[in-house]
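Each reported figure results from applying straightforward, stated rules to the coordinates on display, with no laboratory input. Nothing here was measured: the structure is a model prediction, and the numbers come from that model. Cβ placement follows ideal geometry from the backbone for every residue including glycine, while neighbour counts extend to all protein chains displayed.
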2 protein chains.
Amino acid sequence: MIAIDWGTSQLRGFRLDDAGQVIDRRRANCGILSVDDGQFAAALQTVLGDWLRADAACPVYLSGMIGSRQGWREAPYVDCPARLSDLVTHVIAVDIDGHGRQGWIAPGLLARDGNGDPDVMRGEEVQILGLGMANQRPQMTVCLPGTHSKWVSLSAGQVQGFATYMTGEVYAAVRDHTILGRLIDADAPMTAAFEAGVARAAAGGDLLHQLFKVRARGLFGDLNAADSGAFLSGLLIGSEITAAVSAGITAPVMLIGNGALVSLYQRALAQCRIDCQKGDDGAAAYGLFKLAREHQNGR
Amino acid sequence: MIAIDWGTSQLRGFRLDDAGQVIDRRRANCGILSVDDGQFAAALQTVLGDWLRADAACPVYLSGMIGSRQGWREAPYVDCPARLSDLVTHVIAVDIDGHGRQGWIAPGLLARDGNGDPDVMRGEEVQILGLGMANQRPQMTVCLPGTHSKWVSLSAGQVQGFATYMTGEVYAAVRDHTILGRLIDADAPMTAAFEAGVARAAAGGDLLHQLFKVRARGLFGDLNAADSGAFLSGLLIGSEITAAVSAGITAPVMLIGNGALVSLYQRALAQCRIDCQKGDDGAAAYGLFKLAREHQNGR
């Protein structure tokens, strides 16, 4: 099969064998926002045309913002609590080549908090589904760090609920578009000032006030340009983790993702004395594989 | 005398008579960041040259970022607790015409919290000093809304301490540089969604999570483009007020400032059942007048 995680800013494609092993992968900077006039079929041909031609009967499953209102075709959100079979039921078909070849788009998830306020995800639900058996627990909390970080509570094989934190996007907006940006050396390596920021956040206090410490500490030589970005990052990630913990989590926290950002979350969680484990790489591909298998069996 | 509140983005000049009444005022978009190569004397001549020539013996007092490291000459911060006489003692001289005519720059204030972290203000201390007798209380809290809002605690004639919140600047960065911006009609009038945002913030919960509600509620038609900016504003101002209240305030809160922003703070404080009063207009001018009178008397 071909599994495609198609988000706002990039497309990640995977070819999988019948056992769900990834045999090839490809990444392109053609997120849905870069596709003009709904030309998704053409974009898909450009990036993965050879894979599609190699086996015309190969099932194609897609997840992420491609199923949003701004995407190819809207796959409405499924209410939490939700299990795999609920996602399967709400998969929608899309004509992927303009000549009737069907592909399948996974739905997103909708959770409501105590106020009735909605929260949403698209793509992360498939990554959670793709956690290997080694990562499964009867009850668990999954954290997916990123532009919009998600904290997800699972039990009894269901996604019970989740909350989104705009941590990554607020970090970029504050660093690039406030007075703090002038104080930050954006190219500096991460330093122990990160832990100082996490500690400030964990001790409580309002984020709008804490942010100003980047400036005030800088004025008095408590924080240099190399440390300022690390401190800001620690404040924001620390604020997210502190809020998630106070909302209630079941340790160990399973982290899904890669690279430097996940390492920062590992550091911050360790500092807050919260057990964490790193989930499987390629969770999105394996999640779409599981979704596809159940969907194909039911047809 | 001539009183000048010279900040990052603008200069406000006032002529005052011997009783401290404002007899003329002028405003120019020549904040210190727009003055090249330290040409502050030339900028001052351009904006207020006629006032300066009209009376060569007229005392000139300045406050705000003009006394910062990026300004004309640095007037080091005075530690809190601080009273008027401490500000007077730390006024510094500056040659305002390049030919020896002296002007005087007020110092800023420095407060440290329980962690020893510094917080700073420049210009607001003079506005507080300028509160008329009708606004004075033995103990009081002053709020100065803005790009960097200040909450200041005063008692026994001293500024005991204060905290800065980056509310205005974070609002602009989030509105203009995150996904939320696309959902907001920036030209829409303020609506009752402002109160809904204040209520969410007052009920607690992490700001990084609450911000995402602008998007998620928008997806489900709970919030339209006209209401989204009002809701975002309510979330941020509500978060600031909630934090300031939990840090401890003495009602009534005295609001210093003008225009639409102060009206929003009045709405939010009323909603949170906190008594507030609007302080005098022209507080900066009167504060510099009081500073000048004591400074001249002591020379």
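The residues packed around B:HIS90, meaning those with a beta-carbon under 13 Å from its beta-carbon, carry a net charge of -2 if Lys and Arg are +1 and Asp and Glu are -1. Mean per-residue shielding of peptide B:230-241 is 1, counting Cβ atoms of other chains within 10 Å of each Cβ. Starting from the Cα of B:ALA54, step 7 Å toward the Cβ, then list every residue of the range B:70-99 with an amide N under 20 Å from that point. The answer is B:96-97, whose backbone nitrogens lie closer than 20 Å to the label point.
What you get for the protein assembly as shown, charging only the Cβ of Lys and Arg (+1) and of Asp and Glu (-1), is a dipole of about 420 debye around the Cα centre. Counting only aspartates and glutamates at least 8 places from A:LYS290 when in the same chain, those with an alpha carbon closer than 16 Å to its own are A:ASP5, A:ASP17, A:ASP18, A:ASP86, A:GLU124, A:GLU125, A:ASP280, A:ASP281.
Over chain A, DSSP H runs of length four or greater, each weighted -39,500 (n - 2.57), average out per residue to a 222 nm ellipticity of -11500 deg cm²/dmol. Placing unit charges on the Cβ atoms of the charged side chains and taking the dipole of chain B about its Cα centre, the candidate lying farthest along the positive direction among B:VAL35, B:ALA56, B:VAL22 is B:VAL22.
Simple rule: put +1 on each Lys or Arg Cβ and -1 on each Asp or Glu Cβ in the range A:165-278, find the dipole, and look at A:HIS177, A:ILE256, A:ALA192; the Cα lying farthest toward the positive end is A:ALA192.
Any idea what the relative contact order of chain A is, in percent, if you count C-alpha pairs under 8 Å spaced at least 6 apart?
Working: 579 pairs, mean separation 53.4, N = 299.
18 percent.
Summing Lys and Arg as +1 and Asp and Glu as -1 over all other residues whose Cβ lies under 15 Å from the Cβ of A:MET65 gives a net charge of +2. Classification of the range B:62-187 by its C-alpha gyration tensor yields an oblate form. The axis ratio a/c (a ≥ b ≥ c) is 1.5 or more, and b/c is at least a/b. If one takes the longest principal axis of the Cα atoms in chain A, at what angle in degrees, from 0 to 90 and to the nearest 10, does the Cα axis of helix A:193-202 lie? Its long axis makes an angle of about 90 degrees.
Assuming a ≥ b ≥ c are the square roots of the Cα gyration tensor eigenvalues, decide whether the protein assembly as shown counts as rounded (a/c under 1.5), prolate (otherwise, with a/b larger than b/c) or oblate. All intermediate terms of the calculation are to be shown ahead of the outcome.
On the way: a/c = 2.52, a/b = 2.34, b/c = 1.08.
It is prolate, given that a/c is not under 1.5 and a/b is the larger ratio.
Tell me the volume per residue, in Å³, of the convex hull enclosing the alpha carbons of the range A:165-278. Please report the intermediate quantities before stating the final value.
Details: hull volume 11.1 nm³, N = 114.
Looking at the range A:165-278, the number lands at 97 Å³ per residue.
Of the residues B:ILE105, A:LEU291, A:CYS143, the one whose Cα sits farthest towards the positive end of the charge dipole of the protein assembly as shown is A:CYS143 (charges of +1 on Lys and Arg Cβ, -1 on Asp and Glu Cβ, taken about the Cα centre).
So which of A:LYS150/B:LYS213; B:LYS213/B:LYS278; A:LYS213/B:LYS150; A:LYS278/B:LYS213 end up more than 20 Å apart, counting from Cα to Cα?
Working: A:LYS150/B:LYS213 13 Å; B:LYS213/B:LYS278 32 Å; A:LYS213/B:LYS150 13 Å; A:LYS278/B:LYS213 28 Å.
In this structure, B:LYS213/B:LYS278; A:LYS278/B:LYS213 exceed 20 Å between Cα atoms.
Take every residue in peptide A:164-175, count the Cβ atoms of other chains within 10 Å of its Cβ, and give the average of those counts. List each step's numbers first, then the result.
Details: counts 7, 7, 14, 5, 2, 8, 8, 1, 3, 10, 6, 1.
The per-residue average across the peptide is 6.
For every other residue with a beta carbon closer than 11 angstrom to the beta carbon of A:ALA216, add +1 if it is Lys or Arg and -1 if Asp or Glu, then tell me the sum.
On the way: positive: A:LYS213, A:ARG215, A:ARG217, B:ARG112; negative: A:ASP222, B:ASP113, B:ASP117, B:ASP119.
That works out to 0.
Between B:PRO107, B:PRO252, B:PRO145, the Gaussian network model of chain B with springs among Cα atoms under 10 angstrom shows the greatest mean-square fluctuation at B:PRO252.
Angle of helix B:259-271 to the longest C-alpha principal axis of chain B, folded into 0 to 90 degrees and rounded to 10: 50°. Put the Cα centre of the range A:195-239 next to the Cα centre of the range B:222-237 and the gap is 27 Å.
Roughly how many debye, to the nearest 20, is the charge dipole of the range B:165-278 about its Cα centre, given +1 on each Lys and Arg Cβ, -1 on each Asp and Glu Cβ, and no other charges?
Values: 9 positive and 10 negative charges, 29 e Å.
Rounded to the nearest 20 debye, it is 140 debye.
Once the Cα atoms are used to define both axes, helix A:225-247 deviates from the longest principal axis of chain A by about 70 degrees.
Enter the mean number of other protein chain beta carbons within 10 Å of the beta carbon of each residue in A:107-117, as an integer.
Details: counts 0, 1, 0, 3, 1, 2, 4, 2, 6, 2, 10.
For peptide A:107-117, the averaged partner shielding equals 3.
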